[in-house]
Amino acid sequence: MRSEDRSGRADDGAPGEPEDRRPGDDLRGAHEGVPREWPRTPPQAPPAASNTVIDGRYELLAPIGSGGMGEVWKAHDRRLRRFVAVKGLLDRNAMTADTQTAAMQRARREAEAIAKIEHQNVVTVHDQVETDNQVWIVMKLLEARSLADLLSSERVLAVPRAADIGLQILQGLRAVHGAQVVHRDVKPGNVLVRDDGLAILVDFGIATFEGAAQVTRSGGVIGTPPYLAPELFAPASPGPTPASDLWALGITLYEMVEGRVPFAGNEVWEVQEQIRQSPEPVLRYAGPLAPVVQGLLIPDPRRRLDAASAEAMLREVLGDAGAPRAATPSATPATHPPTEVSTPPPTTPSPTAPAPGPTAPAASVPGPAAPGGIHGRGWWKAAAAAVCVVLLAATGWLVAQGTGPDDRADGRTGSDQPQGPGREQERWKDTHPTLEIGVKDDQPGLSKFDAKTRTYAGYDIDLAYAIADSMGYDRGEVAFTTVATDYRSTALKTKQVDLVIASYSITDDRKTAAPGGYSVDFAGPYYEASRGFLVREKSSKYTIRDSSDLRDLGVEVCTARDSTYEKALPEQGFTMAASQPNTYQDCLDKLLDPKSDVYAVASDDIILAGYVKANPGKVRRLENIQGAEGYGVAMRPGTPLLKGEVCTALRGILGGKIWEDMYTDNLSGLVGNKNPPGRPDLTECDGY
């Protein structure tokens, strides 16, 4: 159990509270000539303490969380001999009589609201006890952390985990709404996530339901501003509805995959203005979750995605057509999910034509919107249908269940099917009409994403297109997905991409992963980069001339998580930052921050050269250090057909003028050398 944080809620006032007054004003009646006295607070019981026994039954053991209106204790139920969570009012001594009355009524209403619902994704209430002007709610003790805490430590969640948590929240909300209750404060702080992956909706302190007493001022907007639906801001608002809870779910889904809320602000008017100016927030990492998020964030509640449709779409994202979710251990999430932004033009098969071969989903960012934008009438139904078709074809997309683009009904992969007499030799494209490739989006010269044109450019991108051309793909049949350093193997393992071409260094550790890790296969190397450091052009505290100064001074070095430098540099005596971020760009941002303790970024020389060019006068490269990084084209192990085609393509590219042209167009200006380096030997392609 954890703190049910209620901070940040707008207008959590109580009836009878005085309106805002200017200095010098006093409390006088409309027809009175003498000041009105403040309401007296009734005598208070001492604050709760450990070993306090409530109602002769619940012994408080230790506080385990607190928020704006309540504190939660771990307690022991002496009668049933079990541990429970007990929630009581917080700081009653600071309350006026009217405020305390309202708080107690709110606590009673919370218990009554939860008691109406019985669902695995909604917190269970066991009892309600009132003692000494205090209302205690006895609930099931949950050994879990809040989704807010999870996002604070991991920043973003991988799409499959976000979809799973979102589906569970939605299932809980459907049970809540089925009991005629509206939660009103759905947000990460009010969702608990257990170690086994089960998500539980908590904190019904401001929930409303049919027949509930009013405990807030009429016309007030209550809730946490960034999660409030826009219809609640309207002067003639009908008030909270199930649709406003679904909007909050959409905000929560967005936050899980994007690492931030789409409409930020501490005040209602700030959030309202952001929604008005930018009603369609950009989705970079949502993948197939994009249509769900977009549907839930339609400002008009009448056209907003309904709960049943949202659940169906989330199930399709997870490759689960209908089975109820059981609590199962969840895999370790990737901390930086993928982004698919470059997609082939859609095709519309005839009603009688066979469905195309399975392929991973190719669109996270919607194509050109129909008149009226993505919020046009009925858009989400088409989006839902598209998601269902694509994901059903993908046979599970990011949920590795033993079937997928590479697997056949008889258990054999596309590479080991028998070649009967007269049958043409099979190609990868025969069963994968779109070539899905994972790339970086923040490496000038190698692979950089232009947000204005929504296109990628760089050496790795040119190489990807050249490989695709050799394999028989047109440019329109290639889809790029952004993958961070620590997500590359996951994107392959989960079959979101066929290949990763993302400055992926070939190492034995990556080819033979430890238990629980993801091993990958490589073709290449196609380029060999040197190792180096990037430092500030000017530093007021230290003089850094070469890499030995970094080691001797013991200043912090930043590198990308799961890079080869993360393990190698500490062994060489360098001091690493306490935690490594997902990308080299994140390291660069820390280096450029004058308040940061990071004084160097460790990466490949070609990557660092790109950062120098993009930040003239701010950063400089030190001399290269010992060692080299051979970049390979990565793929899943056990795909010899794919590896053979990639190796054939690389031989043609490195053996001709294409390789030199790619270097001249993308890298020569960065490194200041017109002559390309030596062509690497394709050691990973021996036997293919």
Per-residue Cβ neighbour rank within 10 angstrom, fewest leading, LEU157, LEU150: LEU150, LEU157
Calculated from backbone phi, Karplus (6.51, -1.76, 1.60) coupling profile of the range 180-196 in Hz, x at Gly/Pro: 6, 10, 10, 5, 6, 9, 6, 6, x, x, 10, 10, 9, 10, 7, 4, 7
Highest to lowest packing among 660-666, 643-649, scored as the average C-beta count within 10 Å: 643-649, 660-666
Largest to smallest principal axis extent of the C-alpha atoms in the range 434-685, angstrom: 56, 43, 35
Whichever lysines have a C-alpha closer than 27 Å to that of LYS538, once near sequence neighbours (fewer than 8 apart) are set aside: LYS448, LYS590, LYS595, LYS613, LYS618
FRET E, pair GLU118, THR512, Förster distance 51 Å, beta-carbon r, rounded to 0.05: 0.60
Reachable lysines from LYS140, criterion Cα separation under 28 angstrom, eight or more residues apart if same chain: LYS74, LYS87, LYS116, LYS187
Flagged links, alpha-carbon separation over 23 Å, of LYS511/LYS657; LYS429/LYS495; LYS643/LYS674; LYS429/LYS452: LYS511/LYS657; LYS643/LYS674; LYS429/LYS452
Highest-first arrangement of 192-204, 477-489, where packing means the average Cβ count within 10 Å: 477-489, 192-204
Residue order, fewest to most surrounding Cβ atoms within 10 angstrom, among TRP73, TRP428, TRP269: TRP269, TRP428, TRP73
SER237-ASN51 FRET efficiency (beta carbon distance; Förster radius 41 Å; 0.05 resolution): 0.30
Residues SER579, SER603, sorted so that the one with the fewest Cβ neighbours within 10 Å comes first: SER579, SER603
Total charge dipole magnitude, the range 145-319, about the Cα centre, Cβ charges on Lys, Arg, Asp, Glu only, Debye to nearest 20: 100
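Every number in this text was worked out from the coordinates using simple rules, so none of it is lab data. Just so you know, these numbers come straight off a predicted model, no measurement behind them. No Cβ is skipped: glycine too gets one built from the backbone with ideal geometry, and neighbour counts run over all protein chains shown.
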